[in-house]
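The values are calculated or read from the model by the stated rules, or taken from the named source; none is laboratory data. Since this is a predicted model, take the numbers as computed values, not measurements. Neighbour counts run over all protein chains shown; Cβ positions are idealised from the backbone, glycine included. Remember, those area values only see protein heavy atoms, side chains included, never the ligands or the DNA or RNA. Shrake-Rupley method; radii C 1.70, N 1.55, O 1.52, S 1.80 Å.
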Amino acid sequence: MPDNNFAERSEEQVSGAKVIAQALKTQDVEYIFGIVGIPVTEIAIAAQQLGIKYIGMRNEQAACYAASAIGYLTGRPLLVIGGSSERNQETMGAFQEFPQVEACRLYTKFSARPSSIEAIPFVIEKAVRSSIYGRPGACYVDIPADFVNLQVNVNSIKYMERCMSPPISMAETSAVCTAASVIRNAKQPLLIIGKGAAYAHAEESIKKLVEQYKLPFLPTPMGKGVVPDNHPCCVGAARSRALQFADVIVLFGARLNWILHFGLPPRYQPDVKFIQVDICAEELGNNVKPAVTLLGNINAVTKQLLEELDKTPWQYPPESKWWKTLREKMKSNEAASKELASKKSLPMNYYTVFYHVQEQLPRDCFVVSEGANTMDIGRTVLQNYRPRHRLDAGTFGTMGVGLGFAIAAAMVAKDRSPGQRVICVEGDSAFGFSGMEVETICRYNLPIILLIVNNNGIYQGFDTDTWKEMLKFRGATAVVPPMCLLPNSHYEQVMTAFGGKGYFVQTPEELQKSLRQSLADTTKPSLINIMIEPQATRKAQDFHWLTRSNM
Ligand SMILES: Cc1ncc(C[n+]2csc(CCOP(=O)(O)OP(=O)(O)O)c2C)c(N)n1
Ligand SMILES: [Mg+2]
């Protein structure tokens, strides 16, 4: 809030930049990720002066990815603030003139340009509130260039109070009763724990539900860790089997989108009963007709369910045929992965790499990942033990998110639990999308270990010899398969270029050693470039659509 003495002197002027910074501060904005240019620089400086942490990125996309991860990790907003051209040049072809407010409207929950400097605090409060109430999402605030340095009388600015935390909504009592009875009568129940459950901090109540009633559960990619992956009720290793034969599925903040095969046969029983728990009403009934819908805050609704189920003593029998089937399938799947992991042939395959990484992964670390095979296989082997500690390309499968996510996680780690590490597992192609953020990582000396799983390409590549042979033919653009990247690229040199530690590894022993050294060295970020068999793939899948994310 503005200093009272300062405010009393009516001739006192304040710049638009300072008003923006103060409005953000008042709304508890803790981090700004950005790139400055004239005149946006003034806003970043004003924010720093108020104690907001400013992280200068190398690309706006990466800055947005980082800010979105901060929103997910801290529960506070993703606000995009864009500088736009001066108002008095609008429609004249001003420098960088573009209809930004209209362009953002499609993709945000709220998109607006304040009509005056005096309106800035109001618009920022509304943007912050819209971004965190209901299903969270990004909001856009447009700042014309002439606002930034314009001076106004301090007394004309009224700051809004910090918006209240989102109100907690609960499901209808009758729906909770029905849901409890459907769960009690299930023969082959399954809980699916989604990112929404993680965002709602529902870990305690969901763990209680799992443990008290001995229910099998499956996490979605970012639902991993809400209940630890090594929990005896986790059936992640029998995912296909669990989805295919469950007769009752409770979805906690998980959408029935492509990741969950739309909830449709043949991946599910045609008569499977879905119980959807979600904060977003528009999500309920998508693709399937649910048996019960529980609209509300996932943590609150889970507590309602617990209370209802508690009324009559009941437990899903741990010796049921369903549990036996799931356990057997998990065993055989785990054995198949282990066999691949233990292969001694060089170059290494994905499973060997992840097996060794998993062995040294600190329990409390953040795991960030992107790539196709790299992300999909890594997700099955690398375990999460804490909620909100896995960030990956998820629903959109957008390559390029990894380094921004890792930077955000590292900021949270640094500020809230010093000593905690971020392990960022990148495909070689995925890394290329935001590779220059390594400089950002080094500039702020962030506790990040980057692992590049390098197969010389997108899904697959060629070895050096094949590559040379191929180039003997005609021009490269005519013959080089579109998935190929330059073989044997020394990505670790991107890290050493900025003062971090770089490793180039080709064997399990080199991988183990470099991991040990990177984890032991808390003074610098590191990058381990792990060469694998360029034609390595994932183990045979029961269903071709399991590899959908490769598209
Ligand atoms: C922004 C964006 N561009 C392109 C794609 C298409 N795509 C899917 S996965 C992928 C990269 C996969 O290669 P890599 O990261 O090396 O992982 P690998 O499968 O080789 O382990 C690409 C480019 C995408 N998902 N997102
Ligand atoms: Mg690759």
Most packed first (mean Cβ within 10 Å per residue), the peptides 248-257, 159-168, 65-74 order as 248-257, 65-74, 159-168
What ranking, highest mean first, results for peptides 317-326, 112-121, 16-25 when packing means the other Cβ atoms within 10 Å averaged over each residue? 16-25, 112-121, 317-326
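For the chain, what is the accessible area per residue in Å², given a 1.4 Å probe and the full set of protein chains? Intermediate values should be presented prior to the final figure.
Numbers: 24870 Å² over 551 residues.
So the chain comes to 45 Å² accessible per residue, rounded to a whole number.
Please label the shape of the range 103-143 as rounded, prolate or oblate, based on the square roots a ≥ b ≥ c of the eigenvalues of the alpha-carbon gyration tensor (a/c under 1.5 means rounded; beyond that, a/b larger than b/c means prolate, else oblate). Each step should come with its number before you reach the end.
Numbers: a/c = 3.67, a/b = 1.44, b/c = 2.54.
In terms of gyration-tensor shape, oblate.
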Taking all protein chains as present, what is the carbon and sulfur share of the accessible area of the chain, in % to the nearest whole number, probe 1.4 Å? 54 percent
Inverse of mean 1/r across different Cα pairs in the range 388-473, Kirkwood, Å: 14.4 Å
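What is the magnitude of the charge dipole of the chain about its Cα centre, with +1 placed on the Cβ of each Lys and Arg, -1 on the Cβ of each Asp and Glu, and no other charges, expressed in debye to the nearest 20? Could the numbers behind the result be given before it?
Details: 57 positive and 53 negative charges, 355 e Å.
So the magnitude is around 1700 debye.
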Ignoring solvent entirely, what values of log10 I(q)/I(0) come out of the Debye formula for the range 323-422 at 0.23 Å⁻¹ when each Cα is a single scatterer? -1.22
Which value in Å is the Kirkwood Rh of the range 185-228 over different Cα pairs? 10.5 Å
Test of understanding: extend the Cα→C-beta vector of Cys177 to 7 Å, then name every residue of the range 287-306 with backbone N under 11 Å from that spot. none
What 222 nm value per residue comes from the helices of the chain, counting each DSSP H run with n ≥ 4 as -39,500 (n - 2.57) and dividing by all residues, nearest 500 deg cm²/dmol? -11000 deg cm²/dmol
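How much of the DSSP beta bridge set in the range 343-531 is antiparallel, as a percent to the nearest 5?
Values: 1 of 26 bridges.
Taking every DSSP beta bridge within the range 343-531, about 5 percent pair in antiparallel fashion.
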Report the antiparallel proportion of the DSSP beta bridges in the range 13-156 as a percent, rounded to a multiple of 5. 20 percent
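Would you mind giving the three semi-axes, in whole Å and largest first, of the ellipsoid equivalent to the range 343-531 according to its Cα gyration tensor? Walk me through the intermediate numbers first.
On the way: eigenvalues 155, 58, 53 Å².
After scaling each eigenvalue by five and taking roots: 28, 17, 16 Å.
Beyond 40 Å, what share of the Cα-Cα pairs of the chain is found? Please give it as a whole percent.
It works out to 32 percent of all Cα pairs.
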Compute the Cα gyration tensor for the range 13-156, then decide on rounded, prolate or oblate, letting a ≥ b ≥ c be the square roots of its eigenvalues: rounded whenever a/c is under 1.5, prolate when a/b is larger than b/c in the other cases, and oblate in all that remain. rounded
Apply 1/(1 + (r/R0)^6) to the Cβ-Cβ distance of Lys331 and Ser417, taking R0 = 25 Å, and write down the FRET efficiency to the nearest 0.05. 0.10
Alpha-carbon radius of gyration plus Dmax, which is the widest Cα pair, for the range 173-325 in Å: 13.7, 38
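Once the Cβ-Cβ distance between Asp463 and Arg516 is put in as r, and R0 is 25 Å, what FRET efficiency do you end up with, to the nearest 0.05? Provide the component values of the computation, followed by the final result.
Numbers: r = 28 Å, r/R0 = 1.12.
FRET efficiency, Asp463 to Arg516: 0.35.
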Mind ordering 398-411, 300-313, 129-142 by average Cβ neighbours within 10 Å, highest first? 398-411, 129-142, 300-313
Considering the dipole of the chain built from charges on the beta carbon (Lys and Arg +1, Asp and Glu -1) around the Cα centre, which of Val381, Gln517, Pro114 is farthest to its positive end? Val381
Global geometry of the range 366-421, whether rounded, prolate or oblate, following the gyration tensor of its Cα atoms and the 1.5 cut on a/c: oblate
Measuring from label point to label point, each 7 Å out along Cα→Cβ, what is the Ser165 to Glu102 span in nm? 4.1 nm
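Of all DSSP beta bridges in the chain, what percent run antiparallel (nearest 5)? Intermediate values should be presented prior to the final figure.
Details: 4 of 61 bridges.
Bridges in the chain are about 5 percent antiparallel.
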